[in-house]
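K.L.:
Structure incoming, see below.
The values are calculated or read from the model by the stated rules, or taken from the named source; none is laboratory data. This one's a predicted model, so the numbers in the text were calculated from it and none came from an experiment. All Cβ positions, glycine included, derive from the backbone under ideal geometry; neighbour counts span all protein chains shown.
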């Protein structure tokens, strides 16, 4: 008998989504061909033919080309209260690896991303969640690769919703997976910020790198963020970079409950599809891709490297090089 957990396991397999996409595409194509053959109006036949062509191009590109593309984006952000010693400080942000999707031929994208991250010779590297799809065993083929990421002040990360055993029903299996994941994290060697922070120093000055556990606004997502614990002991005049996987926490918790100047998030994948500047993610999130500001405080949402569904159309997988500046006149996105 097929159980719900078995069905979820199948649906969380990345290639399953591509097979479903092929089925939908073929059904749509058959319907459009029927319309072309049965309709006598020339403009209807022409429209149906063009639509058929565009559907095939969009699907083939989105399923087999888009997920393998990659870009490095550069963002420069300036603050009045950034310590002078940190003017020009560089942070490489990457997000949403979804290691289960990187299996097989897609692993080449992660290899290129890691090479590019290290090539930046950044002061700091941060990962903003969703390292796995469902189980930490997905990470084992990539432990050596991920542990090779280096930066002058270290590599820091936070958990995303997929990094918790939320897709497993059995309680004992959940505990086993949590322990297994802790062991894998130790092997990778990144500093995991579970509602805590770390100080980075330049001479007599410092900034704080804080991280909250995932804090989603939907019932199906873990809501474990504790901002008071993450910022415990930090004074209001200190400069803080906050890592939080879910960007909705910026408006819900970070803006109203603390003074954090810069928040880095992922989770949305930029919607994975964007046509003419419009993305389905815009229906669910106020901030879903790129740089946002309210009252001189900033949120950057990365579109990430991957997703459970290996499909990208108009939203390229990315790493982001963020340069901090002490100059409130400068605030620009550099392509």
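K.L.:
Filter the stretch 253-276 down to the residues that are under 19 Å from the mean Cα position of the chain (by Cα), without any contact (Cβ under 8 Å) to a residue 40 or more places away in the chain and more than 18 Å from residue 196 (Cβ to Cβ) and list them by number.
P.N.:
268
A quick yes/no check of all residues on (1) surrounded by fewer than 14 Cβ atoms within 10 Å (Cβ to Cβ); (2) part of a helix (DSSP H, G or I); (3) in contact with a strand residue (DSSP E or B) (Cβ under 7 Å, 6 or more places away or on another chain):
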position: 149; (1), (2), (3): no, no, yes
position: 153; (1), (2), (3): no, no, yes
position: 156; (1), (2), (3): no, no, yes
position: 162; (1), (2), (3): no, yes, no
position: 165; (1), (2), (3): no, no, no
position: 176; (1), (2), (3): no, yes, no
position: 186; (1), (2), (3): yes, yes, no
position: 197; (1), (2), (3): no, no, yes
position: 200; (1), (2), (3): no, no, yes
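K.L.:
Which of the residues that make up the stretch 50-75 are surrounded by 14 or more Cβ atoms within 10 Å (Cβ to Cβ) and assigned to a helix (DSSP H, G or I)?
P.N.:
51, 52, 55, 58, 59, 61, 62, 63, 66, 67, 68
K.L.:
Further question: Output the number of the condition that residue 43 fails; it satisfies all remaining conditions of (1) touching a residue at least 24 places away in the same chain (Cβ under 8 Å); (2) in a helix (DSSP H, G or I).
P.N.:
(1)
K.L.:
Looking at 179, 138, which one is out of contact with any helix residue (DSSP H, G or I) (no Cβ under 8 Å at 6 or more places or on another chain), over 22 Å from residue 241 (Cβ atoms) and in the same structural domain as residue 243 (by TED's automatic domain parsing)? First the steps, then the outcome.
P.N.:
Working: 138 fails: out of contact with any helix residue (DSSP H, G or I) (no Cβ under 8 Å at 6 or more places or on another chain).
None of the other options fit; the residue is 179.
K.L.:
All but one of (1) closer than 25 Å to residue 308 by Cβ; (2) at pLDDT below 95 hold for residue 32; which doesn't?
P.N.:
Here residue 32 meets the rest and fails (1).
K.L.:
Of everything in the stretch 103-147, what is outside any helix (DSSP H, G or I) and at positive phi? Give them in sequence order.
P.N.:
Initially, the stretch 103-147 is screened for residues outside any helix (DSSP H, G or I), giving 103, 120-135.
Of everything in the stretch 103-147, those that are outside any helix (DSSP H, G or I) and at positive phi turn out to be 121, 129, 130.
K.L.:
Quick check on the stretch 206-214. Is at least one of its residues surrounded by fewer than 16 Cβ atoms within 10 Å (Cβ to Cβ), under 19 Å from the mean Cα position of the chain (by Cα) and not in a loop (DSSP other than H, G, I, E, B)?
P.N.:
no
K.L.:
Could you list all residues from the stretch 76-102 that are more than 15 Å from residue 122 (Cα to Cα) and in a loop (DSSP other than H, G, I, E, B)? Full working, then the answer.
P.N.:
Initial filter on the stretch 76-102 (more than 15 Å from residue 122 (Cα to Cα)): 77-85, 95-102.
Result: 79, 80, 81, 82, 83, 95, 96, 97, 98.
K.L.:
Let me ask something else about it. Of all residues in the stretch 277-319 being under 12 Å from the mean Cα position of the chain (by Cα) and part of a strand (DSSP E or B), which is surrounded by the most Cβ atoms within 10 Å (Cβ to Cβ)?
P.N.:
301
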